[in-house]
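Heads up: the structure comes next, in structure tokens.
The values are calculated or read from the model by the stated rules, or taken from the named source; none is laboratory data. Remember, it's a predicted structure, so these values are computed and weren't measured experimentally. Glycine gets a Cβ as well: all are built from the backbone with ideal geometry, and neighbour counts include every protein chain shown.
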Amino acid sequence: MPTEYSPNARPAIVTVRSFPDSFSQERARTRTVDDSRYWSYVGARAEETSGVRREVRTFLETEADAKRSDLDAAELVVGELVANAVRHGAPPFGVCIDWHDDPPILCVVDRGPGMRPLYPAPDPESERGRGLLLVRALAGDVVVDAADGERNGTRVVVALPVHRRERPRAA
């Protein structure tokens, strides 16, 4: 049964694993979660999101290949997208990473009014308006799923510039 959203709820940082419909409920209960592949956060207040960037970096560092990864860029991407959700969206704010495949996929969501699918070039004198341009430069393609007439919210999905360490193969 889904939990109702409460603006006074404490933030949760959880690992998540979903199972295909073909799994029985009993089998799903006995499966273990691979904490190295999934990470998520849901928070109700903007000030609670301040630690997300650091938490994501810590999660990525546990499995990242330092030579093939740009953890600084990944951390900056997370920070920019979370800041955009807080600045332009509305709670609850959600952040999740799926590292089932390489590279890890970041998804940031909010329940605000949405955003325009096209955004203008920032004014050269402005201190704002460069977040998505910066994200695109660091992470490549940015997928933005904005609100339509039937729902609120924005979802932004990017592949982070991080790669998992190679594991030694068994002989």
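Residue count for the stretch 93-102 under the criterion of being assigned to a loop (DSSP other than H, G, I, E, B) and buried (at least 20 other Cβ atoms within 10 Å of the Cβ): the result is 1.
Residue-by-condition table, conditions (1) among the hydrophobic types (A, V, I, L, M, F, W, C); (2) under 26 Å from residue 42 (Cβ atoms); (3) surrounded by fewer than 18 Cβ atoms within 10 Å (Cβ to Cβ); (4) touching a strand residue (DSSP E or B) at 6+ places or on another chain (Cβ under 9 Å):
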site: 64; (1), (2), (3), (4): yes, yes, no, yes
site: 73; (1), (2), (3), (4): yes, yes, yes, no
site: 87; (1), (2), (3), (4): no, yes, yes, no
site: 107; (1), (2), (3), (4): yes, yes, yes, yes
site: 123; (1), (2), (3), (4): no, no, yes, no
site: 129; (1), (2), (3), (4): no, no, yes, no
site: 166; (1), (2), (3), (4): no, no, yes, no
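Yes or no, residue by residue, for (1) more than 24 Å from residue 146 (Cβ to Cβ); (2) of a type in the set (Phe, Trp, Tyr); (3) assigned to a helix (DSSP H, G or I); (4) modelled with pLDDT of 90 or more:
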position	(1), (2), (3), (4)
34	yes, no, no, no
39	yes, yes, no, yes
52	no, no, yes, yes
90	no, no, no, yes
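So is residue 162 touching a Ser or Thr at 6+ places or on another chain (Cβ under 7 Å), touching a residue at least 24 places away in the same chain (Cβ under 8 Å), under 16 Å from residue 96 (Cα atoms) and part of a loop (DSSP other than H, G, I, E, B) or not? Considered against the rule, which asks whether it is touching a Ser or Thr at 6+ places or on another chain (Cβ under 7 Å), touching a residue at least 24 places away in the same chain (Cβ under 8 Å), under 16 Å from residue 96 (Cα atoms) and part of a loop (DSSP other than H, G, I, E, B), residue 162 comes out as yes.
When residues in the stretch 79-102 are screened for being touching a residue at least 60 places away in the same chain (Cβ under 8 Å) and more than 14 Å from residue 154 (Cβ to Cβ), 6 of them pass.
Select from the stretch 103-159 the residues that are in a loop (DSSP other than H, G, I, E, B), touching a residue at least 40 places away in the same chain (Cβ under 8 Å) and charged (D, E, K, R) and list them in ascending order. The one that is in a loop (DSSP other than H, G, I, E, B), touching a residue at least 40 places away in the same chain (Cβ under 8 Å) and charged (D, E, K, R): 111.
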